[in-house]
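Below: the structure, in structure tokens.
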Amino acid sequence: MTDAKALLPGFEERLADVKGVRLRYFVAGAGDPLLLVHGLGGAATNWTLLAPGLARRHRVLIPDLPGHGGSSPLPAVPNMSVFADRIALLAEREQAVPAAVVGHSLGGVVALRMALRYPVHVTRLILAAAAGISSTTRRAEYALRMVGLVQPGKLISPWRRYVARSPRLRELAFGSWSVSDAAAFSPRAAAGFLAGPPLHTDTASAIGALVRDDPREDLGELECPCLILWGARDPQLPLSDAFDYARRLRSPLRAMADCGHLVIGESPEACLDAIEGFLSA
């Protein structure tokens, strides 16, 4: 059994050629469509603790972004919209639109671009620790490009099963730069975040597009209701970014106590409660 099948039980793994890119994605559940978009250096398995709960009430579609996980890279990445286009076309192919969309980190910018470019496709938008504000600063650009060069996920990947099971190794792998308490971080959640990097083919292009994409000027055009989810102790994207998004979008903000940047894995129950409450309101 592959990491993905073990981490997303009940989900069917599929492949589709979409506008020059072969996308791997996972589908489960029935009901109103819900699209989950992972972050930079991640994969569909990042949603391992959250997706099964969401699939109880929704038809959940989880893609690996181009260049990530089991998806092939894009031929060119001039901006973040090229990611949004592929995901929108995939959702169309799966007859999973209109849909609510949850985007984590870089996936938040992809989700925003999808909602702006395809407003009839996106009914509601949930931004979980979304990039797009602090990620466009010069300091963030240097840090992200260094991560793209070193590719720590690939360095760790041969020992990912040991890392997931060991509190000390989780501290080394996730430390204070991504989670609030690495020792308390679920081994299954850790495995979900470590499963994608061995398969990545091009995350550097996503980094280049991300640091150039500041969506704030376009947020006034967004038509759908939004919810902001954030880790109160996010070391990568500060809570001030969450307040900025909430103010500009006139949206509610839910900050998760004792959570860092990987809020969807650190506090899945609270995220599930917030998302379901927002979608049923």
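Here the residues E266, E13, E223, ranked from fewest to most Cβ neighbours within 10 Å of their Cβ, fall in the order E223, E13, E266. Within segment 3-280, DSSP assigns beta bridges of which about 35% are antiparallel (rounded to the nearest 5). Hey, how much of the P(r) for the chain falls beyond 28 Å, as a percent of Cα pairs? That tail contains 26 percent of the Cα-Cα pairs. Counting every other Cβ atom within 10 Å of each residue's Cβ, H68, H261, H121 order from fewest to most as H121, H261, H68. Annotation for segment 1-78 versus segment 163-222: alpha-carbon center distance of 15 Å. Considering only P119, P9, Q95, and ranking their Cα positions along the charge dipole of the chain that arises from unit charges at the beta-carbon of Lys, Arg, Asp and Glu, the one farthest toward the positive end is P9.
When only the Cβ of Lys, Arg, Asp and Glu is charged (+1, +1, -1, -1), the dipole of segment 176-281 relative to its Cα centre reaches about 140 debye.
Highest-first packing order for the peptide set 232-239, 164-171, 84-91 is 84-91, 232-239, 164-171, based on the mean count of other beta carbon atoms within 10 Å. Hull volume per residue, based on the alpha-carbon atoms of segment 14-64 and their convex hull, is 75 Å³. Only one residue of S72, F278, G29 has its Cα farthest out toward the positive end of the dipole of the chain, where Lys and Arg carry +1 and Asp and Glu -1 on Cβ, and that residue is S72. Since only Y162, A204, A129 are under comparison, the one whose Cα sits farthest along the positive direction of the charge dipole of the chain, derived from C-beta charges on Lys, Arg, Asp and Glu, is Y162.
With both partners inside segment 7-130, how many of the DSSP beta bridges are antiparallel, as a percent to the nearest 5? DSSP beta bridges in segment 7-130 are roughly 45 percent antiparallel. In segment 12-67, Cα pairs under 8 Å separated by at least six residues give a relative contact order of 43 percent.
With a 10 Å cut-off between alpha carbons and a GNM built on the chain, which of L194, L222, L65 moves the most? Maximum among the listed residues: L222. Under the convention that each Lys and Arg Cβ holds +1 and each Asp and Glu Cβ holds -1, the size of the dipole of segment 190-230 around its Cα centre is about 280 debye. The mean of 1/r over all pairs of different alpha-carbon atoms in segment 69-211, once inverted, gives a Kirkwood hydrodynamic radius of 16.5 Å. Dipole size of segment 3-280 about its Cα centre, with +1 on Lys/Arg Cβ and -1 on Asp/Glu Cβ: approximately 480 debye, rounded to the nearest 20.
Think of it as helices only: each DSSP H run of n ≥ 4 in the chain is worth -39500 (n - 2.57), and spread over all residues that comes to -11500 deg cm²/dmol at 222 nm. For the chain, relative contact order (Cα pairs under 8 Å, six or more residues apart, normalised by length) works out to 21 percent.
Only the coordinates and a few stated rules stand behind these numbers; no lab work does. Values in this document were obtained by computation on a predicted structure and should not be read as measured data. Positions of Cβ are backbone-derived with ideal geometry, glycine not excepted, and every protein chain shown enters the neighbour counts.
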